[in-house]
Amino acid sequence: MFAFLTQEARPGSGAMFDAIARRYDLVNRIMSLGLDRWWRRTAVAALKLPTRARALDVATGTADVALEIASQADDVEVIGVDPSPRMLEIGRTKVTDAELNGRVDLRTGEAENLTFESDTFDGVISAWGIRNAADRAGALREMTRVTNPGGRVAILESLEAPGLLLGPMIRFYTRTVVPFLGGLISRRKQEYQYLQTSIAAFPKPEEFHMMMRSAGLQVEVSKPLTFGACWLFVGRKTAEVPSDAEGSAS
Ligand SMILES: C[S@@+](CC[C@H](N)C(=O)[O-])C[C@H]1O[C@@H](n2cnc3c(N)ncnc32)[C@H](O)[C@@H]1O
C-alpha cells in the first residue's frame, strides 16, 4: 500500500508526519470532536509530577502535550522530542506564542534512541507516539531508562479494544470515518489510512502490560477513555528491571 513512499517516509516515520503537519492539529480537533485536549490533560495529570519537575514528551509532534504539561504547573520544565522537522516547526511556533520558550524545549529525536542520561526525568509521556516507533519495546525501554526510579511513564494510544459496549461503533469510526475525514481535510488519504492500520496492529492491553513490565514498569493505570476511543497506560518505574518480567505478566 505504501510502495509510493520512499524508504525515509516509511509509514509512521517523521517524514510521513512532515507531509500532514500543516493540518495535523485541525484534523485532530475535528476527528476527536475536540476530546483530544481532554485526553492529553488526563494523561498529563496521571504523571503526578512533583514540584519543580523535569518531564519528557516523546513524539511531541506539534507540542500539544508539552504545552499541556507546562500549563498544569508553573515550575515544570519540559523537553519534547520528535523526528519530524515540520511538526516541530509548528510546535515551536505554538511554544513561542504561549511565551513558554524558557520552560518548553523541543528537540529532534527518536523514541528508540533517547539522548539523555538514565534517571533524568520525573515523568515521561507519549501520546499517539509509541505506535509509530519501529521498535516499540525498545522505545518503551528507553522511556523507562530516562525516568527516575519511582517516576511514571504515561502512554496515550488509540487501539482496537475488544468487548467494549461501544466497540463496534468506535471500530467503524476509526476504520471508516477517520481515514475518509482525515484524508479529505489533509488531502493525504494514504497517511490517514496508515493511522487506521496501525491502530488495528497495536497490541491488546494485556500484551502491552507485558511489554511495560519487561521494560521495568509496574502497571499502575490501564483504562479506556471515552468508551475506548483511546487508552491510557501509566507505569511506575521500579528500582530494578525484574528479570522474570515476561513470566510474571498476567
Ligand atoms: C500522531 S503524532 C502525535 C503527536 C503528539 N504527541 C500529539 O499528542 O498530537 C505522532 C508523532 O510521532 C512522531 N514519530 C514517528 N516516529 C517516531 C519515533 N521513532 N520516535 C519518536 N517519535 C516518532 C511523528 O513525527 C509524529 O509527530
Dimensionless Rg/Rh of the chain, both radii on Cα and Rh by Kirkwood, sits at 0.94
Across the chain, qualifying lysine pairs (alpha carbons under 21 Å, at least 8 places apart or different chains) come out at 4
Expressed in angstrom and ordered largest first, the alpha-carbon extents of region 61-110 along the principal axes are 28, 21, 15
For region 80-204, the Kirkwood Rh over every pair of distinct alpha carbons, in Å, works out to 16.5 Å
Using a 1.4 Å probe on heavy atoms of the protein chains only, the accessible area for VAL146 in Å², nearest 10, reads 0 Å²
Carbon plus sulfur, as percent of the 1.4 Å-probe accessible area of region 23-175, comes to 52 percent
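Ordered by packing density, taken as the mean number of other Cβ atoms within 10 Å over each peptide's residues, highest first, how do 198-206, 52-60 rank?
Descending packing order for the listed peptides: 52-60, 198-206.
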The answer for the chain, accessible area per residue at 1.4 Å probe in Å², is 47 Å²
If the chain between MET169 and ARG107 were fully extended at 0.36 nm per residue, the gain over the current Cα-Cα distance would be 18.5 nm
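Roughly speaking, what % of Cα-Cα pairs in region 1-133 are separated by over 20 Å, rounded to a whole number?
44 percent
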A convex hull over the alpha carbons of region 171-244 yields, per residue, a volume in Å³ of 106 Å³
Residue-ordered couplings for region 94-107, obtained by feeding phi - 60° into the Karplus form 6.51 cos²θ - 1.76 cosθ + 1.60 and rounding to whole Hz (Gly and Pro as x), are 5, 5, 5, 4, 7, 6, 10, 4, x, 10, 10, 10, 9, 9
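The values are calculated or read from the model by the stated rules, or taken from the named source; none is laboratory data. Remember, it's a predicted structure, so these values are computed and weren't measured experimentally. Glycine also receives a Cβ, built like all others from the backbone with ideal geometry; neighbour counts cover every protein chain displayed. These accessible areas exclude ligands, DNA and RNA; they are computed on the full protein's heavy atoms, side chains included. Shrake-Rupley method; radii C 1.70, N 1.55, O 1.52, S 1.80 Å.
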